[in-house]
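Taking it in order: structure first as structure tokens, then the write-up.
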């Protein structure tokens with residue numbers, strides 16, 4: 001009994017530590033975004049204000065709404081196309097036997113570990129030759145390439161758990177491979193597909209290096225780079241604007257995560273495959 005109470009205490013302490021560790025930076029960001037001065041702890045005078053939120057929307061020179069729009073467009077297109085390509089690749093690897101199958105799977109895993117900094121110079125030169133610098137294409141295509149391994153591995157793990165007898169039953173009913181994939185297999189693996197879309201969207205939304213190197217102004221620059229380049233009239237860092245913009249840009253990701261999380265839990269608890 002005593003050991004059980006000690007275990008509960010340690011569990012509670014561990015949960016409190018993790019929540020504090022994860023939420024404290026976000027809470028501090030929100031606190032600064034609503035303060036008149038970022039150094040209120042030194043001055044001892046905390047003045048509550050929503051001016052920072054009004055200014056990031058109102059001031060045209062900040063271009064925050066342009067950055068947010070660019071991030072949503074680029075991340076949405078990347079997530080959808082990467083997930084669709086990942087579905088096709090994962091289905092092919094999980095259902096077909098062909099030479100070099102293991103090599104392909106291992107190669108995809110190796111590519112997922114490839115550092116972005118090692119290719120950004122060549123990528124910049126390629127995009128310059130194509131005339132794509134400061135365009136959506138310059139971000140979407142590299143994002144799809146670097147996010148495909150994640151989509152592939154998530155969906156492959158789901159497809160591998162589905163018995164092949166389902167495919168055989170569908171073929172007996174006259175379905176072809178594409179019909180089996182999109183009308184039978186994909187509905188069963190919908191939780192995995194939604195998980196992939198969510199993670200791909202978050203990856204693209206938070207990506208910094210490519211967006212920094214391949215964009216030059218507010219027309220295609222995304223939120224992470226735009227916020228990092230916020231500057232005041234005299235070159236100072238406007239921490240209030242930076243924190244307010246960070247809070248606002250976090251809201252779409254948080255809302256999408258909550259929405260998809262509910263769908264994922266529902267899909268997993270319903271039990272798509274009956275024994």
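The values are calculated or read from the model by the stated rules, or taken from the named source; none is laboratory data. Quick caveat, the model's predicted, so the values are computed rather than measured. Using ideal geometry, Cβ is built from the backbone for each residue, glycine included, and neighbour counts are taken over all protein chains shown.
To keep it simple, each residue is scored yes or no on (1) at pLDDT 85 or above; (2) over 25 Å from residue 32 (Cα atoms).
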residue: 213; (1), (2): yes, yes
residue: 225; (1), (2): yes, no
residue: 231; (1), (2): no, no
residue: 242; (1), (2): yes, no
residue: 245; (1), (2): yes, no
residue: 262; (1), (2): no, yes
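Within region 131-169, track down each residue that is surrounded by fewer than 18 Cβ atoms within 10 Å (Cβ to Cβ) and part of a loop (DSSP other than H, G, I, E, B).
Listed by number, the residues that qualify are 131, 132, 133, 134, 135, 160, 161, 163.
Pick out the one residue from 26, 21, 17 that is exposed (fewer than 14 other Cβ atoms within 10 Å of the Cβ), in contact (Cβ under 8 Å) with a residue 60 or more places away in the chain and farther than 19 Å from residue 237 by Cβ.
26
Just one of the numbered conditions (1) crowded, with 17+ Cβ neighbours inside 10 Å; (2) out of contact with any helix residue (DSSP H, G or I) (no Cβ under 8 Å at 6 or more places or on another chain) is not true of residue 216; which one?
The number of the failed condition is (1).
Could you tell me whether region 186-204 includes any residue that is in a helix (DSSP H, G or I), modelled with pLDDT of 85 or more and more than 24 Å from residue 88 (Cβ to Cβ)?
Checking region 186-204: not a single residue is in a helix (DSSP H, G or I), modelled with pLDDT of 85 or more and more than 24 Å from residue 88 (Cβ to Cβ).
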